[in-house]
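Chemist: Before we start, here is the structure in question, set down as structure tokens.
Every number in this text was worked out from the coordinates using simple rules, so none of it is lab data. Please read all numbers here as calculations on a predicted model, not as lab measurements. Please note: Cβ atoms are built from the backbone with ideal geometry, for glycine as well, and neighbour counts cover all protein chains shown.
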Amino acid sequence: MSSSAIALSGLARRLVNDNLIAEENALEAVQEAQSEKKPLPQFLVENHSIDPVLIAKAASEEFGSPYIDLATLDFSLLPKDLVDPKLVAKHNALPIYKRGNRLFIGLSDPTNLHALDEIKFNTGLNTEAILVEADKLAKAIDAYNAEAEESISDALGGLDEESLDDLDIEAVDADGEKKDESPSEADEAPIVRFVNKVLLDAIKGGASDIHFEPYEKIYRVRFRTDGILHEIARPPFNLATRIAARLKVMSQLDISERRIPQDGRIKMKISKNRAIDFRVNTLPTLFGEKIVLRILDPTSAKLGIDALGYEDDQKQMYLDALAQPQGMILVTGPTGSGKTVSLYTGINILNTNERNISTAEDPVEINMEGINQVNVNNKVGLGFAEALRSFLRQDPDIVMVGEVRDLETAEIAIKAAQTGHLVLSTLHTNSAPETLTRLLNMGVPTFNVATTVSLIIAQRLARRLCDNCKTPAEDIPEEVLKDEGLLDVGIPREEITLFRPVGCEKCTSGYKGRVGVYEVVRITSEIARIIMEGGNSIQIADAAKAAGFNDLRASALRKAAWGVTSLEEANRVTKD
């Protein structure tokens, strides 16, 4: 068979047979499209002036996929929140409509099966191709991404000082039920305006927590942004009790009770389709009540696995473990290391109509449609173990336990994973090997640990360097690179480029956002053998390293070597 016959299979051969392009031109186009990494239909439209309608219809007939004219679609009805805009742009693949558990994707290149597979992984929906014209697809994707890029800050952009009194804020009780606020002295306009402005500023600034703190002579407000606390205001000290009262009114807490901690929630609607929840906790201190608000953005659960910072091999191991019908996936790390987002991302991938998914959380931070979420409540005897035991009577496919805290919970979770269920949970340990020894120290038999746990993810969050102002760090001596271990992480020396934070109007101290640093360890036969023989975490860590699994330190250094974060930040989150 000639090289031209091989090259001109499929769409190219169809176009030649339909007299839309000469055979020699088609062969040249195939080769050049491949070298430029462009879909063949797009290349033909740009360079050979073939009518894109004819190309799309020819592809439809050749591959048996339906054809649709994008000009006939109402773009306001496209499914906007199902597919990460980055995936749409990466694959030239436009979500057109959803029917049941099927998502129909507009493509100009019918051979782009990788796009369908990756979107299926990220959405949990079955994907089917619809052929469209290449030129209209490019314009439609630009419009789709422009609309999808409307951030929370954009939604807040129209709010001015006058609207601070009239934000749509709802109090929510412990069971998630909306309540009406009762009028009080905390409702006076200046206090309302100040508290609302603080909440809005925190959302705009990407903060994760807001701290209202009374001391002997001062009252301060701090935001935690990218994992670091920053002071943003010092209101007059005599307003402390009224600010605290306002926050308690907003979250339906008892204003008169100042001696014990209280928990509540606030829901702020910032646009027609966007609401932000705040988890509120009060704590009596020496000089008044300290109140901390955790900002819960539902969109963080739908970031998609590509946005979390996993390296390609780590991401694939996580996806492979999620695809298994049974077993246990454990995510470990300190508070604030992003464990919840990793778990929610995995659950979101698994969330389809064919699966029964139940979660036990303390508390439920983000509501997810299609998931049976349970708030554990130890005061009434509903702990993790009790919730998990009940789940097993509810015909589950997938179970998520917020945390394995004791032997009873561990044993029930292990039993669930052994009897045909996929179990996801967290532990508070410092590394993947220590997670295994922690289970053994709890009293879980070695055989159960070795045969049930399939994957462990240890993680930290490092601040991401601002792309607008970061500058190369060219004065770092070679011996420093060697001492830090940068020359031992599998990256050629010529590809290592370290950067330093500078600081500009678009970032905070040279950093903007955070990126995950991961140690992903699959339980290999060698690691299972060490567990069965009662080995310690050091032996397990050595076996993991020998199997090619990067530890947290190596993963952080690799992100520094690629210029994603700084060496100082890598040291902050991983160096002992």
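Chemist: Quick check: from the Cα gyration tensor, does the range 231-283 come out rounded (a/c under 1.5), prolate or oblate?
Modeler: Working: a/c = 2.39, a/b = 1.38, b/c = 1.74.
Here the range 231-283 falls in the oblate category.
Chemist: Given an 8 Å cut-off on Cα distances and at least 6 residues of separation, report the relative contact order of the chain as a percent.
Modeler: Details: 996 pairs, mean separation 52.9, N = 576.
That works out to 9 percent.
Chemist: Given (i) 33.5; (ii) 32.2; (iii) 35.1 as candidate values of mean projected area of the Cα convex hull in nm², which corresponds to the one derived from the coordinates?
Modeler: For mean projected area of the Cα convex hull in nm², the calculated option is (ii).
Chemist: Which GluC sites (Glu not before Pro) from the range 488-553 combine a DSSP loop assignment with at most 16 other Cβ atoms within 10 Å? Before the final figure, lay out the partial values.
Modeler: On the way: sites: Glu494, Glu495, Glu505, Glu519, Glu526, Glu533; in loops: Glu505, Glu533.
For GluC sites (Glu not before Pro) across the range 488-553 that sit outside H, G, I, E and B with at most 16 neighbouring Cβ atoms in 10 Å, the list reads Glu505, Glu533.
Chemist: Quick one: 3J(HN,Hα) in Hz for the range 287-293, Karplus 6.51/-1.76/1.60 with θ = phi - 60°, rounded, Gly and Pro as x.
Modeler: In residue order, the calculated couplings are 10, x, 8, 7, 10, 10, 10 Hz.
Chemist: How far is helix 189-204 tilted off the main Cα axis of the chain, in degrees rounded to 10, range 0 to 90?
Modeler: 40 degrees
Chemist: Per residue of the range 127-132, what does 6.51 cos²θ - 1.76 cosθ + 1.60 with θ = phi - 60° give for ³J(HN,Hα)? Whole Hz please, x for Gly and Pro, Karplus curve as stated.
Modeler: So the Karplus estimates, Gly and Pro as x, are 10, 9, 8, 10, 7, 9 Hz.
Chemist: Could you pull out every residue, at least 5 positions away or on a different chain, whose amide H is within less than 5 Å of the one on Ser566? Hs are placed 1.01 Å off N in the peptide plane, and Pro or chain starts have none.
Modeler: Leu465
Chemist: Label Asn145 and Asn378 with points 7 Å out from Cα along Cα→Cβ: what is the distance between them in nm?
Modeler: 4.8 nm
Chemist: Mind checking the range 299-403 for trypsin sites (Lys or Arg not before Pro) that DSSP puts in a loop (not H, G, I, E or B) and that have at most 16 other Cβ atoms within 10 Å? Can you show the working numbers first?
Modeler: Details: sites: Lys302, Lys315, Lys339, Arg355, Lys379, Arg389, Arg393; in loops: Arg355, Arg393.
Of the trypsin sites (Lys or Arg not before Pro), the ones in loops of the range 299-403 whose Cβ has at most 16 other Cβ atoms within 10 Å are Arg355, Arg393.
Chemist: For the chain, give me every cysteine whose Cβ has no other Cys Cβ within less than 4.7 Å, ordered by residue number.
Modeler: Flagged as lacking a Cys partner: nothing.
Chemist: Report, by chain and number, residues whose modeled amide H sits under 5 Å from the one on Thr359, excluding near sequence neighbours (fewer than 5 apart, same chain).
Modeler: Placed amide hydrogens put Asn372, Gln373, Val374, Met400 under 5 Å from Thr359.
Chemist: Another one. 5 Å is the cut-off here: which amide hydrogens, built 1.01 Å from N in the peptide plane, fall below it relative to Tyr511, excluding neighbours closer than 5 in sequence?
Modeler: When sequence neighbours closer than 5 places are left aside, the close amide H contacts are Cys466.
Chemist: Please list 3J(HN,Hα) in residue order for the range 90-98, calculated via the Karplus relation 6.51 cos²θ - 1.76 cosθ + 1.60 where θ = phi - 60°; whole Hz, with x for glycine and proline.
Modeler: With the stated coefficients, the range 90-98 comes to 4, 9, 6, 10, 10, x, 9, 7, 10 Hz.
Chemist: Let me confirm the definition first: pairs of Lys residues in the range 234-342, 8 or more apart or on different chains, C-alpha distance under 18 Å. How many are there? Don't jump to the answer; show the numbers that get you there.
Modeler: On the way: Lys248/Lys267; Lys248/Lys290; Lys302/Lys315; Lys302/Lys339; Lys315/Lys339.
Here the count comes out as 5.
Chemist: Shifting gears a bit: Can you pull out the GluC sites (Glu not before Pro) in the range 351-385 that DSSP calls coil and that have at most 14 other Cβ atoms within 10 Å?
Modeler: On the way: sites: Glu354, Glu361, Glu365, Glu369; in loops: Glu354, Glu365, Glu369.
When the GluC sites (Glu not before Pro) of the range 351-385 are filtered for loop state and at most 14 Cβ neighbours within 10 Å, Glu354, Glu369 remain.
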